[in-house]
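First comes the structure, then the notes that go with it.
The values are calculated or read from the model by the stated rules, or taken from the named source; none is laboratory data. Computed from a predicted model, the values in this text were never measured in an experiment. Cβ coordinates were reconstructed from backbone atoms using ideal geometry, including for glycine residues, and neighbour counts include every protein chain displayed. Remember, those area values only see protein heavy atoms, side chains included, never the ligands or the DNA or RNA. Shrake-Rupley method; radii C 1.70, N 1.55, O 1.52, S 1.80 Å.
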Amino acid sequence: MNDPGHYIIEDVPPPDLTDTVKPISPLLRLWHNAVFRRMLVILVVALAWEFGARYADSPLLFPTLLDTLAALKDSLNAPYDSLWGYIGESLKSLSLGFVLGTLVASFLTIFAVNTRIGEDFLSTITSAFAPLPAVAIFPLSLMWFGISQESVVFITTWATIFPVAVAVFQGFRGVSQTLRFVGRNFGLKGLSLTARALIPAALPSIMTGLRSGVSNSFRALVALEMVIGAATGAGGLGWFVMSQKQNLEIPAVWAGILCIMVIGLLFEGLFILFERYTIRRWGMLH
Amino acid sequence: MAGAFHAGTSEPQGIVTQPLLQVQGATIVYETDLARVVAVWRASFDVQRGERLMVLGRSGCGKSTLLKAIGGYLKPSEGVIALEGVPITAPGPDRMVVWQDTDQLLPWKTVRQNVMYPMLLNGVPRAEAHARAQDFIAMVDLERAADHYPHQLSGGMKMRVAVARGLAMRPAILLMDEPFAALDALTRGRLQDELVRLQEETGATVLFVTHDIAEAARLGTRVIVMSPHPGQIKANLDVSRFASREDLAATISGIISDVDEVAA
């Protein structure tokens with residue numbers, strides 16, 4: 001003890017680190033793993049499906065998970081007219097529309113970020129179109145492009161544009177004045193400022209926009225394929241589900257729906273993976 | 001005591017050299033949707049190489065506006081601001097700025113990348129940029145955090161990175177806009193000492209905006225006092241003419257209360 005009289009310096013030895021930091025149990029660590037917890041959710045839902053369907057005992061209206069999986073396997077392995085073809089068709093329309101839509105959204109955003117009238121244009125147009133589902137303009141695209149791939153891509157493009165444009169615009173708007181000043185301080189301006197400072201800074205919003213763009217587009221696509229497939233007898237996953245219903249291949253209908261959901265989950269997984277190595281790592285997303 | 005400071009430009013010191021930075025009759029006006037505000041009214045002063053010039057004033061006295069104009073973000077509507085004789089027209093890395101906000105670092109780059117980035121953008125070869133970043137990161141005592149991302153750092157550490165980034169660029173002048181105001185008192189005191197040491201080691205020229213009399217008295221080699229509405233320079237004090245920092249602080253306090261009386 002050191003005691004100069006008017007104060008005391010406490011002389012407690014520092015603790016052993018192994019005493020203060022204890023690892024948690026492996027079970028608890030597993031529970032903290034998001035992937036594990038989500039798998040658990042899927043497992044529970046799958047079990048509920050399987051046993052629910054067995055209990056209902058109505059294979060035509062509600063096939064069991066196992067029957068559905070068997071139908072899925074058969075559809076994928078079918079030598080002629082396999083499910084892979086339908087998946088490919090859907091992904092083609094979706095990715096074309098997504099790329100085109102994102103391009104258009106980028107131009108709209110650049111216009112909106114740089115001019116006040118551009119901002120007015122974007123906000124007014126998006127508010128006006130917000131209540132309108134993309135499928136609602138399908139009759140127009142039928143008139144302009146006929147019953148064709150172009151019609152479908154037009155709709156997927158359309159469905160991508162507004163969610164992406166709005167989110168990216170909000171993202172740019174949200175970049176702090178300080179960060180803009182910092183970029184200009186380094187000598188960045190115009191496009192180099194956008195590419196090297198604004199886009200990375202707005203990445204969380206951009207990701208949100210791309211996500212909702214993809215899912216909006218995918219939803220419109222599936223609905224559309226059901227309509228257009230009835231006229232042409234061809235198309236993607238939507239048409240697969242519809243045509244299997246017409247053939248009364250009910251487990252295959254469920255397999256098609258399951259397939260749509262799995263693709264949606266895969267997209268989500270890709271986004272999450274990308275986020276983990278970017279914005280999450282940089283502390284821009286918690 | 002009254003003779004120890006004087007308003008306006010500094011007196012010639014015998015040796016005639018061009019000042020590093022000259023502010024001559026600069027009036028800075030900004031326009032909002034509602035009004036046209038004169039933020040700085042006919043400010044004139046020089047900054048010599050190697051100085052730590054403190055610009056002191058209450059909030060609203062135009063000191064940050066003045067810094068932004070020197071930074072090239074605003075143009076004076078009257079008068080001239082010139083660096084090495086050349087009027088300032090745009091922001092540039094010869095006037096690196098350290099801001100108050102802790103989000104001035106790029107969150108997607110590590111400490112080292114943040115320090116290197118302005119150098120790489122402005123033609124410093126990668127190897128040299130790396131070496132210089134290494135030196136300055138060591139000088140601010142952040143070697144262990146060099147590969148961390150900004151969100152993993154404390155406010156004080158982020159501020160050190162910003163100072164290292166500014167100095168590593170070897171700017172003609174380092175502009176600091178109330179850099180320590182948002183930090184806790186202990187950290188602020190440490191960073192103030194560090195800044196003086198770094199500036200003395202590197203011989204950098206620093207223009208430092210603050211509203212804190214003690215900070216101005218502690219750090220400056222010259223102190224400019226501004227008054228608000230409109231922002232005007234009221235005094236320009238050469239710190240070397242004062243017997244002590246306490247003496248300087250007392251004088252500054254006196255000037256500030258005189259200014260307030262006039263305003264009231």
Conditions: (1) crowded, with 17+ Cβ neighbours inside 10 Å; (2) closer than 16 Å to B:P171 by Cα; (3) within 14 Å of another protein chain (Cβ to nearest Cβ); (4) of a type in the set (A, V, I, L, M, F, W, C). B:L20 meets all but one. Number of the miss?
(3)
Within region A:230-286, of all residues that are among the β-branched types (V, I, T) and open to solvent by 50 Å² or more (accessible area, probe 1.4 Å), the one farthest from the other protein chains (Cβ to nearest Cβ) is A:T232
Residue tally, condition touching a Gly at 6+ places or on another chain (Cβ under 6 Å) and farther than 13 Å from A:A167 by Cβ, over region A:190-208
2
Where residues in region B:139-153 are in contact (Cβ under 8 Å) with a residue 40 or more places away in the chain and surrounded by 20 or more Cβ atoms within 10 Å (Cβ to Cβ), which of them is nearest to the other protein chains (Cβ to nearest Cβ)?
B:Y149
Could you tell me whether any residue of region A:141-151 is open to solvent by less than 40 Å² (accessible area, probe 1.4 Å), over 30 Å from B:D94 (Cα atoms), under 22 Å from the mean Cα position of the chain (by Cα) and away from every other protein chain (no Cβ under 14 Å)?
no
Of the residues B:G123, B:G156, which single one is surrounded by fewer than 16 Cβ atoms within 10 Å (Cβ to Cβ), under 28 Å from A:L203 (Cα atoms) and of a type in the set (G, A, S)?
B:G123
If only one of A:S123, A:S127, A:S93, A:S106 is assigned to a helix (DSSP H, G or I), of a type in the set (S, T, N, Q) and buried (at least 20 other Cβ atoms within 10 Å of the Cβ), which one is it?
A:S93
Test: residue in region A:44-51 that is within 30 Å of A:I199 (Cβ to Cβ), hydrophobic (A, V, I, L, M, F, W, C), part of a helix (DSSP H, G or I) and not assigned by TED's automatic domain parsing to the domain that holds A:V262
no
Counting only residues in region B:69-81 that are of a type in the set (A, V, I, L, M) and surrounded by 18 or more Cβ atoms within 10 Å (Cβ to Cβ), the one farthest from the other protein chains (Cβ to nearest Cβ) is identified as B:I81
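To keep it simple, each residue is scored yes or no on (1) assigned to a helix (DSSP H, G or I); (2) at negative phi; (3) touching a Gly at 6+ places or on another chain (Cβ under 7 Å); (4) in contact (Cβ under 8 Å) with a residue 60 or more places away in the chain.
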site	(1), (2), (3), (4)
B:W41	no, yes, yes, yes
B:S44	no, yes, yes, yes
B:V55	no, yes, no, yes
B:L67	yes, yes, no, yes
B:I70	yes, yes, no, yes
B:L74	no, yes, no, no
B:A82	no, yes, no, yes
Of all residues in region B:102-112 being at pLDDT 95 or above and under 15 Å from A:T178 (Cβ atoms), which is most open to solvent (accessible area, probe 1.4 Å)?
B:P107
Going through region A:186-202 one residue at a time, which ones are free of Cβ contacts under 8 Å to residues at least 24 places away in the same chain, at negative phi and within 11 Å of chain B (Cβ to nearest Cβ)?
A:F186, A:L188, A:K189, A:S192, A:L193, A:R196, A:A197, A:I199, A:P200
Which pairs do you get when a residue that is at positive phi, found in region B:195-213, comes within reach of a residue that is open to solvent by 10 Å² or more (accessible area, probe 1.4 Å) and not charged (D, E, K, R), reach meaning Cβ atoms under 9 angstrom, with the pair 6+ apart or on two chains?
B:G203/B:G50
Among all residue pairs at least 6 apart or on different chains, which show Cβ distances below 7 Å where the first residue, located in region A:222-250, is without any contact (Cβ under 8 Å) to a residue 24 or more places away in the chain and the second is among the hydroxyl-bearing types (S, T, Y)?
A:G229/A:S243
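So that you can scan it fast, the table gives a plain yes or no per residue for (1) in contact with a Cys (Cβ under 6 Å, 6 or more places away or on another chain); (2) surrounded by 13 or more Cβ atoms within 10 Å (Cβ to Cβ); (3) hydrophobic (A, V, I, L, M, F, W, C):
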site: A:P15; (1), (2), (3): no, no, no
site: A:M39; (1), (2), (3): no, no, yes
site: A:T64; (1), (2), (3): no, yes, no
site: A:P79; (1), (2), (3): no, no, no
Looking at this structure, is B:A168 open to solvent by 10 Å² or more (accessible area, probe 1.4 Å) and not charged (D, E, K, R)?
no
Is it true that A:G269 is touching a helix residue (DSSP H, G or I) at 6+ places or on another chain (Cβ under 7 Å) and either closer than 30 Å to A:I147 by Cα or outside any loop (DSSP other than H, G, I, E, B) (or both)?
no
Name the single residue that is nearest to B:A26 (Cα to Cα) among those in region B:84-101 being more than 8 Å from every other protein chain (Cβ to nearest Cβ) and buried (at least 20 other Cβ atoms within 10 Å of the Cβ).
B:I88
So, in region B:238-256, exactly how many residues are in contact with a Phe, Trp or Tyr (Cβ under 6 Å, 6 or more places away or on another chain) and either more than 18 Å from B:F45 (Cβ to Cβ) or charged (D, E, K, R) (or both)?
0
Scan region B:171-181 and tell me whether some residue there is open to solvent by less than 10 Å² (accessible area, probe 1.4 Å), at the interface with chain A (Cβ under 9 Å from one of its Cβ atoms) and out of contact with any Leu (no Cβ under 6 Å at 6 or more places or on another chain).
no
Collect the residues in region B:84-100 that are without any contact (Cβ under 8 Å) to a residue 40 or more places away in the chain and in a loop (DSSP other than H, G, I, E, B), keeping them in residue-number order.
B:I88, B:T89, B:A90, B:P91, B:G92
Could we say that B:K63 is away from chain A (no Cβ under 14 Å) and under 22 Å from A:Q177 (Cα atoms) here?
yes
